[in-house]
Amino acid sequence: MHTNCFIGGAFVPASSGRTFTVRNPANDAAVAEVADGGAADARAAVAAAAAAFPAWKSTAAIERAKPLRRLTELMHRDAERLADLCSQECGKPLAEARTEVAYGASFLEWYAEEGKRVYGETIPASDPAKRLLVLRRPCGAAAAITPWNFPIAMVTRKMGPALAAGCTQVVKPAEQTPLSALAIAALAAEAGLPAGVLNVVPGMDAPAIAACFFDNLHVRHVSFTGSTEVGRILLRQSADNVVRVSLELGGHAPFIVFDDADLDAAVAGAMASKFRNAGQTCVCANRFLVQRGVHDAFVERLTAAVGALKVGDGRAAGTQVGPMIDDAGVAKVEAHVADAVAHGAQVRTGGTRAQVPGGSSRFFAPTVLSGVTPSMRCFREETFGPVAPVCAFETESDALRMANDTPYGLAGYLYTRDGARIMRMAEELQYGIVGVNDPLPATAQAPFGGVKHSGLGREGGHQGIEEYLDLRYVSWRVG
Ligand code: SIN
């Protein structure tokens, strides 16, 4: 297991000599002592990335693709080890961690190919003596600040497009889950990625590390996945050196079920969307809007399915729902449920912390609440936990109004068989991602990102690589 900073192609201790303990949220067991990188280490990593940039950007895209593709293969080769590490540090069930390894690898594979298609343009000039060209050039060193809920995939989703575009990168992984990022760095070195192209600085003092990404002219792009509050701080910090930022921030996804929906599919979709990673994903359904005609049947079926979920240590056989990442996470879930109940919601199943033998106090029983109203906290704020609040609606326009009545706009879902309604809703829902009869829309080849307080920029798809490219207009007098 690698536990030191990865800077300039070598694993090195933090310059302060300090370490911090990574613990399994399921049982508080120490997983590893990890180098506690700080500002000095972040500066060294930025310097390494800046030094590696000229050679990496000048490497042909077809050559840059080779270590990325090889890294994909190595991730598949070591999938079981990576999944186990991921499960230990973030608590998710092993089956989900295995899926995450494959999902994470898919970004590297896809961008290894996409990097070969960074085409320019020629523009017909008004002056026959001129030739007008548009080049797309890698913007410089990039930085990525990644979250704990997908310790593998959120690293590769930022790393794939950056490196394929010809940028170098410094990754600051979440302090709860640095081990997966360090494991990826070791595999990247084995895959032949040149020294300095990828650097990883784990550390407890995220603000000090992030500040080093904005205080110089080398880092030209910072990508962040995390809360809207932190996203706003980074956006402000980006102003001084006018650094481009991509922000994938909080979500508050509506999951809308119409009377004409395939109810089996809607319940299966609700389970997949809501309870993946114990509800700790930015795109997971946060509130269920169900049309009156199917409301009771939906609640009944959802309650039965949720009540049957197996809660436990992510590494234990059969676990479907693991712990919350930390005490604050489980306290927030508890507060949302208490608020809903105090305002008249009914607990159909769950509603309290769950006891897991030998486990921590961070498990929350998968919960269904009915009788939820728009004034309740769970209907207005992101819960980030295994709670499904259900609210009835009458008409399509009611559903649309309720769904859009939020400053967030990452993902929204609808279940219906009416084609015209699908198009109307897809056009009018104020969300960056709309899943139509599809609870899991994210994929390497499509743009992922939000509107309003859910962020700026896109990851994935051909749009994702644009974030790392500068346009250079060339006006060439030829005669
Ligand atoms: C996220 O929670 O932000 C990522 C979810 C995904 O990629 O499916």
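The values are calculated or read from the model by the stated rules, or taken from the named source; none is laboratory data. Please read all numbers here as calculations on a predicted model, not as lab measurements. As a convention, Cβ positions derive from the backbone with ideal geometry for all residues, glycine included, and neighbour counts pool all protein chains shown. The accessibility values were calculated without ligands, DNA or RNA, using every heavy atom of the protein model including side chains. Shrake-Rupley method; radii C 1.70, N 1.55, O 1.52, S 1.80 Å.
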Inset, instruction - Note the angle between two axes, namely the Cα long axis of helix 153-165 and the longest principal axis of the Cα atoms of the chain, as a number of degrees from 0 to 90, rounded to the nearest 10. - result: 30
Inset, instruction - Can you pull the one-decimal nm distance between simple spin-label points at HIS462 and ASN27, each 7 Å off the Cα toward Cβ? - result: 5.0
Inset, instruction - Extending each Cα 7 Å along its Cβ direction at SER397 and ALA10, get the distance between those two points in nm, one decimal. - result: 6.9
Legend entry - ASP470-ASP127 pseudo-label distance in nm [points 7 Å out on the Cα-to-Cβ vector]: 2.4
Legend entry - Highest average packing first - 233-241, 432-440, 454-462, 158-166, Cβ atoms within 10 Å: 158-166, 454-462, 432-440, 233-241
Inset, instruction - With only Lys, Arg, Asp and Glu charged, each at its Cβ (+1 for the first two, -1 for the last two), find how big the charge dipole of the range 231-343 is about the Cα centre; round to the nearest 20 debye. - result: 340
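Could you give the accessible area per residue of the chain, probe 1.4 Å, as a whole number in Å²? Provide the component values of the computation, followed by the final result.
Working: 17970 Å² over 479 residues.
It amounts to 38 Å² per residue over the chain.
Once you sort the root eigenvalues of the Cα gyration tensor of the chain as a ≥ b ≥ c, which label holds: rounded (a/c under 1.5), prolate (a/b larger than b/c) or oblate (the other case)?
Note, shape of the chain comes out oblate.
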Legend entry - With Cα atoms, 0 to 90° folded angle of helix 419-428 axis to the chain main axis: 60
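Gain in length, SER361 to ALA206, computed as 0.36 nm per residue apart minus the alpha-carbon separation, to one decimal in nm?
53.2 nm
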Legend entry - ALA420/LYS310 FRET efficiency (R0 45 Å; Cβ-Cβ; nearest 0.05): 0.65
Inset, instruction - Any lysines with Cα under 30 Å of the LYS332 Cα? List them, leaving off those in the same chain fewer than 8 positions away. - result: LYS92, LYS158, LYS172, LYS274, LYS310, LYS452
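Please find the FRET efficiency linking GLU300 to THR99, where r is the Cβ-Cβ separation and R0 is fixed at 30 Å, and quote it to the nearest 0.05.
After rounding to 0.05, the efficiency reads 0.55.
Take peptides 384-390, 260-266 and line them up by average Cβ neighbours within 10 Å, highest first, as a rough protection proxy.
Output ranking for 384-390, 260-266: 384-390, 260-266.
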